[in-house]
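Data first, discussion second: the structure below is written as structure tokens.
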Amino acid sequence: MEWAQDLAHRIALALEHARLFDNARELFEQSASANWVGTPDGRILACNQMFAQLLGFASIADAMTTPALLLYEDTEEARSFAGELSARRRIAGRETTFKRHDDGRPVYALVNAVGEFDDAGRLSKFTGFMVDSQ
């Protein structure tokens, strides 16, 4: 009987975690901010429709296949972003200039990001949120 109760408790916890994950995923996707998950080497692992629209992509898939360095107006700014995030672990309200993929126009944005670090303390990926500051 104790084993069955433990199993039922674990199943209930798993269902609750799945529900919370679904809620977080929906918030990420439906947010009014441009959200993305990236890696220090410039890969975009996930993004929402607002991210794709703000940066002039036809779709989320198009945005995710573009190296992050190409999203910045100045590639040095991309390197500086990764360095700052590695050092501070979190960035809030950083003014950053991106460029639209479709027409090259600048996009002035305020960026917030939180890093995830491996066991050795190296930045492994980050979640970023940006809003158009114009």
Quiz prompt | Positions within the stretch 66-90 being of a type in the set (A, V, I, L, M) and without any contact (Cβ under 8 Å) to a residue 40 or more places away in the chain, in sequence order | solution = Ala68, Leu69, Leu70, Leu71, Ala78, Ala87
Exercise. Kindly indicate whether any position in the stretch 80-95 is modelled with pLDDT of 90 or more, acidic (Asp, Glu) and on the phi < 0 side of the Ramachandran plot.
Key: yes
Quiz item: If you go through the stretch 36-46 one residue at a time, do you hit one that is in contact with an Asp or Glu (Cβ under 6 Å, 6 or more places away or on another chain) and either under 12 Å from Gly128 (Cβ atoms) or at pLDDT below 85 (or both)?
Solution: no
Quiz prompt | Residues within the stretch 66-109 that are closer than 17 Å to Ala34 by Cβ and polar (S, T, N, Q), tallied | solution = 3
Quiz item: Inside the stretch 73-106, can you point out the residues that are over 17 Å from the mean Cα position of the chain (by Cα) and not in a helix (DSSP H, G or I)?
Solution: Glu73, Asp74, Lys99, Arg100, His101, Asp102, Asp103, Gly104, Arg105, Pro106
Practice problem: Sort out which residues of the stretch 83-100 are out of contact with any helix residue (DSSP H, G or I) (no Cβ under 9 Å at 6 or more places or on another chain) and surrounded by 13 or more Cβ atoms within 10 Å (Cβ to Cβ), and write them in order of number. | Solution: Glu84, Leu85, Ser86, Arg89
Practice problem: All but one of (1) of a type in the set (D, E, K, R); (2) modelled with pLDDT under 90; (3) over 20 Å from Val131 (Cβ atoms) hold for Glu77, so report the exception by its number. | Solution: (3)
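The values are calculated or read from the model by the stated rules, or taken from the named source; none is laboratory data. The model shown is predicted, which means the values in this text are computed figures rather than measured ones. Cβ sites come from the backbone with ideal geometry, for glycine too, and all protein chains shown count toward neighbours.
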